[in-house]
Structures are given as structure tokens and as C-alpha cells.
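The values are calculated or read from the model by the stated rules, or taken from the named source; none is laboratory data. Everything numeric in this text was worked out from a predicted model, so none of it was measured. All Cβ positions, glycine included, derive from the backbone under ideal geometry; neighbour counts span all protein chains shown. Accessible surface areas use protein heavy atoms only, side chains included; no ligands, DNA or RNA. Shrake-Rupley method; radii C 1.70, N 1.55, O 1.52, S 1.80 Å.
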Amino acid sequence: QVQLVESGGDLVQPGGSLRLSCAASGFSFSIYAMKWYRQAPGKQRELVAGITSGGVTNYADSVKGRFTISRDNPKNTVYLQMNSLKPEDTAVYYCNVVRALHDYWGQGTQVTVSS
């Protein structure tokens, strides 16, 4: 079955960096677009970044120029490099894949940006 396991979340000071990882299994990773979402307390889950099977990327306006999504197909892993972090980036970050019209999610990883 499809499994997505996020890791890399942590407490970091404003201006700092983190790299999130999402290890995927149970499907042909290389042929699917992958996405990162986040959900802050009291807010709706929002799309942060996406990457197609061909490596084309897109970003939310709020993270453009600071975050970079990438994928390593041999490792079945998608990454989110986050630089110049701000307190408003604090959220649980989720990995997502849509397969056969069904949304699959990981358990999430907590990112807290605070001094």
C-alpha cells in the first residue's frame, strides 16, 4: 500500500534553514507528481510546493525564492529545502501524492520557527 513518511522537522530560529524529506513506498514513485502541504494551528491546509514526474516545480507565493522542492527517484524520496525561515512558516508539513484519484498523506512533520 502507499506509504509516505516525512522527517526533518525541528525547532529553528528565524532566518534558519531546514530540509524536509518524504520517503515514499507502495507505488511507482517516479511517474507521479509529488506535493508538500502545510497546516498551521487554526488554519486550513495549504499547498506549499509541487514537483511533476518530469521535475517541473511550482510554489506558493509565500515561499517563492526561499523554498526548493526536489526529488530523487532512485531513492523514492521528495525533499523540501527551506531557507530564510519565518515564524509564519510554523506548521505541520505533509507530503502528498494523488494516485487513482485518491489523496495519500503522510503523518506530517512539525516545523517551528521561533527565537
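Relative to the present Cα-Cα distance, how much length would full extension add between Ala100 and Val56 at 0.36 nm per residue of separation?
The Ala100-Val56 span can extend by a further 13.8 nm.
Per-residue accessible area for Asp72 at 1.4 Å probe radius, Å² rounded to 10?
Accessible surface of Asp72 is approximately 40 Å².
After finding the eigenvalues of the alpha carbon gyration tensor for the chain, what semi-axes result from the square roots of 5 times each, listed largest first in whole Å?
Ellipsoid half-lengths, sorted descending, are 23, 14, 13 Å.
Assuming R0 = 25 Å, what is the FRET efficiency of Asn76 and Gln13, from their Cβ-Cβ distance, to the nearest 0.05?
So, using R0 = 25 Å, E works out to roughly 0.20.
Under 19 Å Cα-Cα from Lys75, which aspartates and glutamates qualify once same-chain neighbours fewer than 8 residues away are excluded?
Of all the aspartates and glutamates, those that pass the test against Lys75 - Cα under 19 Å, at least 8 places apart if same chain - are Glu6.
Taking loop as defined by DSSP and a crowding limit of 13 other beta carbons within 10 Å, which trypsin sites (Lys or Arg not before Pro) in the range 10-115 fit?
Hits after loop and neighbour filter: Lys43, Lys64.
Show which lysines lie in cross-link reach of Lys86 when reach means a straight Cα distance below 22 angstrom and same-chain residues fewer than eight apart are skipped.
Answer for Lys86, where 22 Å is the Cα cut-off: Lys35, Lys43, Lys64, listed by chain and number.
What net charge is computed for the residues neighbouring Asp103, neighbours being all others with C-beta under 12 Å from the C-beta of Asp103, Lys and Arg scored +1, Asp and Glu -1?
That sum, taken over residues with Cβ under 12 Å, equals +3.
Normalised by the residues of the chain, what does the relative contact order come to in percent, with Cα pairs under 8 Å and at least six apart?
36
Run the accessible area of the chain with a 1.4 Å probe and give the carbon-and-sulfur part as a rounded percent.
47
With every protein chain left in place, what is the accessible area per residue of the chain in square angstrom, probe 1.4 Å?
Accessible area per residue: 53 Å².
When Lys and Arg each count +1 and Asp and Glu each count -1, what net charge do the other residues less than 14 Å away from Ser114, Cβ to Cβ, add up to?
Around Ser114, the surrounding residues sum to -2.
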